[in-house]
1. If the reach is capped at under 28 angstrom between alpha carbons, list the lysines near Lys316, excluding any in the same chain fewer than eight residues apart.
2. Compute the orientation-averaged projected area for the chain from the convex hull of its Cα atoms and round it to one decimal in nm².
3. For the range 197-256, report the translational diffusion coefficient in µm²/s to the nearest whole number, using Stokes-Einstein at 37 °C, 0.692 mPa s, and a Kirkwood Rh over Cα pairs.
4. Which whole number of Å³ per residue matches the convex hull of the alpha-carbon atoms in the range 262-354?
5. Which value in deg cm²/dmol, rounded to the nearest 500, describes the helix-derived mean residue ellipticity at 222 nm for the chain, given -39,500 (n - 2.57) per DSSP H run of n ≥ 4 and division by the residue count?
6. If packing is taken as the average number of other Cβ atoms within 10 Å across a peptide's residues, how do 196-203, 252-259 rank, most packed first?
7. Please report the spacing between the Cα centers of the range 127-157 and the range 1-77 in Å, no decimals.
8. Run the numbers for Glu209 and Glu277: contour at 0.36 nm per residue of separation, minus the present Cα-Cα distance, in nm.
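The numbers here are math on the coordinates, done by the rules we state, and not lab data. Just so it is clear, the structure is predicted and the values come from calculations on it, not from any experiment. Here the Cβ is made from the backbone with ideal geometry for all residues, glycine too, and neighbour counts use every protein chain on show.
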Amino acid sequence: MRAAILEEYEEPLSIEEVEPYDPGPDEAIARVDACGVCRSDWHGWVGNWEWFDYKPPRGHILGHEPAGTIVAVGEDVETVREGDQVAIPFNFACGHCHECRNGYENLCENHLGLGFQEGAPGAFAEQVPIPNADINAVKLPDGVDSEDVAGLGCRFMTAYRGMAHKGQVGRGEDVVIYGLGGIGLSAVHIADALGANVIGVDIMEEKREMAEDLGAATTVDAEAVDDPVDEIHDVTDGGADVSLDALGIEETCRNAVESLGTRGTHVQIGLTTKEQEGYNPLPTDAIVMNEIEVKGSSGLPPAKYGELFDMVRIGKLDPAAVVSKKIDLEQVNDELQAMTDYQTIGLPMITDFS
């Protein structure tokens, strides 16, 4: 089978023929029908995230946003069979640790990061193995197509958890989203579907336009205004109810928190680079004096996929609307390079692995 392999950081991935997989007793093998190309893949490609053990080793297959069709199952797998279309989370759970037993498989104490860690080869390939398949292969219901939910495994479901569960947005609340990449645009679409008034902030006109197409009530060009925080306070008449930093740099993280009104909730999804190594300064006094809550959002427990699928099935959510282009496996290098300068729009998706 063909796969895109990390040979050296910040160098083009090597497209090679590798041996197909045989499933272990609790594993399933999926043919990759589609796989998103995410900024998290870029982080792995440049060698970030060593500080929390997500720096992929050389020789690793990248890719962590697949949807696919089961082609083989191990003898102990009970929940999926050959021919089933499945969504595949990026954080493979073990199913038996404290967090898994309490319904937080996304925070599994023994999890493996798909496409990032040893033991979890990624989905920039014709096939991907799924360990603990009874937990980590989530069968798609009727009316939900695999190409529509590639990317759901990371950006879309993380944005969903951030907006629906962590930010608990809705009821006409004002939600400001800093950084309109794949996560940010997914969050715009989701927050709008949940009933919020969404404001998107980005310096790229094309991203702001896409945010408006996905439901943003208005957008702000962070470079064209004196201070985006002041602009948000003016637009919302005192500050947003919920903010999201979808990028992870110091400026957007700080601005997102400072854009909140009293008793606001900040959701952090964007992760840091080598320059920050996991740390951004925050306006501590404003957090205290305004009783602001700060919450992180990472993935979505598989048990919660059903509520997201229901919204997709009835048409309230359309993950495919965030897809900007469909590419073949060779083009993944162009997309990773473009992410260095934040030039990708929406969610590029690999659909041709031949």
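1. Filter leaves Lys139, Lys166, Lys207, Lys295, Lys304, Lys325, Lys326.
2. Quarter of the Cα hull surface area: 16.3 nm².
3. Calculated translational D: 279 µm²/s.
4. Convex hull of Cα atoms, per residue: 182 Å³.
5. So the calculated ellipticity at 222 nm is -6000 deg cm²/dmol.
6. Order by mean packing, descending: 196-203, 252-259.
7. Value for the Cα centre distance between the two parts: 14 Å.
8. Value of the extension gain: 21.3 nm.
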